[in-house]
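Enquirer: Just passing along the structure, written as structure tokens.
The values are calculated or read from the model by the stated rules, or taken from the named source; none is laboratory data. Keep in mind it's a predicted model, so treat the numbers as computed, not measured. Positions of Cβ are generated from backbone atoms using ideal geometry, with glycine treated the same way; all protein chains shown enter the neighbour counts.
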């Protein structure tokens, strides 16, 4: 199911209504008729949230009572299940055969931005034996960049709230024949012990998340002392959630203000502030006008 963090915020008091509509809309139109999928989605939102005032009322409500517990309906198979069930739900690697296709697609795009992606992967793979945790796997582009450079001594764990995205990591791990897997898990309460990983990374996924401060606190907890957190952040004007704001007449200043209030993606600068507040120390960064910024901080 296709939901984003802002949709969950707006329907915090009635998430079941959003999940029911989204499932029905997906069954009818997605992915074969994306135009009508979007059109039907906009009609639904306008019928429930007719104006900017109601939009703001819902934002204010979430800012006061919203909490970082898992309610997502992005995929029914990973919806509100306990940690043991999540781990058991890992895809059987012998049934996954689309890793080569995903790797080729990602590699072709990354070749055109090699210096940017080398900076990303070199910052993550900074030890002889790396234990990597990737948050928000998505389509697997960042996963492919990391896995393509891993050695037999390295270990990869991918966590995503969407079970389908978790399977992308499994597919790529099988293709590259590396030690790695993906699981569906809440990012606000990771099922890992303290100080387990040498690096935590995220490729342009935070803009799809709620409760980013809690996610960053969890990343700090599971990192070893001296471990790196490596985040690829998109430029502010490219945030996916902003399309919904724009439809209701919010200015960019208002978008940024409300994103901070409801604890969703703000900007690379906003993320830097959150990292510093938790206790991370700045290490290095790279910025690109089109691709955004890669932030590297150390625990």
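Enquirer: Is it the case that the stretch 61-69 has a residue that's at pLDDT below 85 and either in a helix (DSSP H, G or I) or surrounded by fewer than 16 Cβ atoms within 10 Å (Cβ to Cβ) (or both)?
Expert: For the stretch 61-69, residues at pLDDT below 85 and either in a helix (DSSP H, G or I) or surrounded by fewer than 16 Cβ atoms within 10 Å (Cβ to Cβ) (or both): present.
Enquirer: Just wondering, is there one or more residues in the stretch 195-209 that are free of Cβ contacts under 8 Å to residues at least 40 places away in the same chain, surrounded by fewer than 23 Cβ atoms within 10 Å (Cβ to Cβ), assigned by TED's automatic domain parsing to the domain that holds residue 294 and farther than 22 Å from residue 294 by Cβ?
Expert: Taking every residue of the stretch 195-209 in turn, at least one turns out to be free of Cβ contacts under 8 Å to residues at least 40 places away in the same chain, surrounded by fewer than 23 Cβ atoms within 10 Å (Cβ to Cβ), assigned by TED's automatic domain parsing to the domain that holds residue 294 and farther than 22 Å from residue 294 by Cβ.
Enquirer: Considering only residues of the stretch 108-161 that are assigned to a strand (DSSP E or B) and under 12 Å from the mean Cα position of the chain (by Cα), which is surrounded by the most Cβ atoms within 10 Å (Cβ to Cβ)?
Expert: Looking at residues that are assigned to a strand (DSSP E or B) and under 12 Å from the mean Cα position of the chain (by Cα), I get 158.
Enquirer: Quick one: which residue in 229, 224 is farther than 19 Å from residue 136 by Cα, in contact (Cβ under 8 Å) with a residue 40 or more places away in the chain and in the same structural domain as residue 150 (by TED's automatic domain parsing)?
Expert: None of the others qualify; the one that does is 224.
Enquirer: Okay, next question. Farther than 16 Å from residue 182 by Cβ, in contact with a strand residue (DSSP E or B) (Cβ under 8 Å, 6 or more places away or on another chain) and modelled with pLDDT under 90: does that describe residue 130?
Expert: Criteria not met by residue 130.
Enquirer: Please work out which residue is surrounded by the fewest Cβ atoms within 10 Å (Cβ to Cβ), limiting yourself to the stretch 164-179 and to residues that are outside any helix (DSSP H, G or I) and touching a helix residue (DSSP H, G or I) at 6+ places or on another chain (Cβ under 9 Å).
Expert: Filtering first and then ranking leaves 179.
Enquirer: In the stretch 1-27, what residues are modelled with pLDDT of 85 or more and part of a loop (DSSP other than H, G, I, E, B)?
Expert: Answer for the stretch 1-27, where residues must be modelled with pLDDT of 85 or more and part of a loop (DSSP other than H, G, I, E, B): just 11.
Enquirer: While we're looking at this one, here's another question. Taking only the stretch 248-284 into account, find how many residues are in contact with a strand residue (DSSP E or B) (Cβ under 7 Å, 6 or more places away or on another chain), buried (at least 17 other Cβ atoms within 10 Å of the Cβ) and under 26 Å from residue 112 (Cα atoms).
Expert: The number of residues fulfilling the criteria is 1.
Enquirer: Still on this structure: Can you work out which of the residues in the stretch 43-54 that are part of a helix (DSSP H, G or I) and surrounded by 12 or more Cβ atoms within 10 Å (Cβ to Cβ) is nearest to the chain's Cα centre (by Cα)?
Expert: 45
Enquirer: Within the stretch 257-299, track down each residue that is assigned to a strand (DSSP E or B) and either in contact with a helix residue (DSSP H, G or I) (Cβ under 6 Å, 6 or more places away or on another chain) or under 19 Å from residue 217 (Cβ atoms) (or both).
Expert: 281, 282, 283, 286, 288, 293, 294, 295, 296, 297, 298
Enquirer: Working only within the stretch 193-226, note down all residues that are within 21 Å of residue 244 (Cβ to Cβ), touching a helix residue (DSSP H, G or I) at 6+ places or on another chain (Cβ under 7 Å) and not in a helix (DSSP H, G or I).
Expert: Of everything in the stretch 193-226, those that are within 21 Å of residue 244 (Cβ to Cβ), touching a helix residue (DSSP H, G or I) at 6+ places or on another chain (Cβ under 7 Å) and not in a helix (DSSP H, G or I) turn out to be 209, 210.
Enquirer: Looking for whichever is touching a helix residue (DSSP H, G or I) at 6+ places or on another chain (Cβ under 9 Å), modelled with pLDDT under 90, over 27 Å from residue 242 (Cβ atoms) and in the same structural domain as residue 275 (by TED's automatic domain parsing) here; the options are 182, 140. Which one fits?
Expert: The match here is 182.
Enquirer: Condition test on residue 231, is it crowded, with 18+ Cβ neighbours inside 10 Å, touching a helix residue (DSSP H, G or I) at 6+ places or on another chain (Cβ under 9 Å) and within 30 Å of residue 61 (Cβ to Cβ)?
Expert: Yes.
Enquirer: Now a separate question. Consider residue 245 against the criteria (1) more than 17 Å from residue 126 (Cα to Cα); (2) surrounded by 14 or more Cβ atoms within 10 Å (Cβ to Cβ); (3) touching a strand residue (DSSP E or B) at 6+ places or on another chain (Cβ under 7 Å): it satisfies all of them except one. Which criterion is unmet?
Expert: (3)
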